[in-house]
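See structure below.
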Amino acid sequence: MSGAGAVVFDTDGVLLATAARHAAAWKEAFDGCLATWQRAAAAGPPRAFDAVRDYRDLVDGRSRLDGVRAFLASRRIDLPPGTPQDAPGCATVHAVAARKERIFSEALRTQGVEAYDDVRPVLLRLRAATVRCAAVSASRHARPLLEATGLLNLFDAVLDGRDAALLGLPGKPDPALFLEAADRLGAVPERTAVVEDAPAGVEAGRAGGFRPVVGIDRGDDPGRGAALLAHGAHLVLTGLAPLPAALEDGRP
């Protein structure tokens, strides 16, 4: 391929059909705490979590802790940070993050997860063209889920939330996770595509100098495509199938 020589894929919402499940888990985690937070809120009752708009703008692509902080800030709710040992609950940032993790983990246990139909054919085509590929995610579940869906061996590198914590990498929109993935692929950002469905991830790709930064809008959110372009995507696709041709064309 004459375009990008490597591709870094976000996982949730790009490779795996887990975005809606994450959004539902966030909504349950936040909304279940609203009554508790209302008693301490100075600006009136906090609004419920919008599983489309708030998911896209506040938590998608971010680490759990950063997602909690962003939501609380949007509702002017001040909680102490707590510690990683906090049990799931509503009293601290860590407790709310643990609450979301418990809800999401239970959903995975009972419902499982699937990859999008266009993922495997695209990864096989890129591999045949000797384009090296990495999968990244802020979620600590990404690696086992990629293995469960039979995709893990199609990537030359995988970095998830556990790797980020181990390496002390800041979350998106900081480009650190993408830069680490490119380094493990032996690639330079300006010759590496980033494929993302989250505005924060698009910002991270642009901040890291990746080219092209490709937004994915699978149609579950009517504002997503415009948001991805507004945050810096070079182009937006409705799925992965057109990606190899876009890279061959050297777009943008």
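Every number in this text was worked out from the coordinates using simple rules, so none of it is lab data. The structure displayed is predicted, hence computed values, not measured ones. Note: ideal-geometry Cβ built from the backbone for every residue, glycine included; neighbour counts use all protein chains shown.
Things to note:
- Cysteines (scope the chain) whose Cβ has no counterpart Cys Cβ under 4.7 Å: Cys133
- Considering only trypsin sites (Lys or Arg not before Pro) in DSSP loops that have at most 12 other Cβ atoms within 10 Å, the longest stretch of the chain without any of them is 77-252.
- The range 20-111: proportion of alpha-carbon pairs further apart than 15 angstrom, %: 55
- Cα-Cα P(r), the chain, percent of pairs per 10 Å interval: 8, 32, 36, 18, 6, 1
- Efficiency of FRET from Cβ geometry, Glu147 and Glu190, R₀ 30 Å, rounded to 0.05: 0.45
- When the Gaussian network model of the chain links Cα atoms closer than 10 Å, the mean-square fluctuations of Thr92, Thr149, Thr83 top out at Thr83.
- Estimated inter-spin distance, Ala230 and Ala91, nm [label 7 Å along Cα→Cβ]: 3.9
- Remark: spin-label model distance Asp50-Ala241 equals 3.1 nm, labels positioned 7 Å along the Cα→Cβ axis.
- Gyration tensor verdict on the range 165-241 (Cα atoms; rounded if a/c is under 1.5, prolate if a/b is larger than b/c, oblate otherwise): prolate
- For the chain, averaging the sequence separation of C-alpha pairs within contact (under 8 Å, six or more residues apart) and dividing by the residue count gives a relative contact order of 25 percent.
- Candidates Asp12, Asp217, Asp118, ranked by Gaussian network fluctuation over the chain, Cα under 10 Å, top entry: Asp118
- Local net charge near Pro46, Cβ-Cβ under 9 Å (Lys/Arg +1, Asp/Glu -1): +3
- Taking Lys and Arg as +1 and Asp and Glu as -1, the other residues whose beta-carbon sits under 13 Å from that of Asp86 total +3.
- The chain: antiparallel DSSP beta bridges as a percent of all, rounded to 5: 5
- FRET efficiency for the Thr130 to Ala35 pair, using the beta carbon distance and R₀ = 45 Å, is estimated at 0.20.
- At least 24 Å along the helix axis (C-alpha) and Kyte average at least -1.0, DSSP helices within the chain: 93-111
- Under 19 Å from the Arg102 label point (7 Å along Cα→beta-carbon), backbone N, the range 139-156: 140-141
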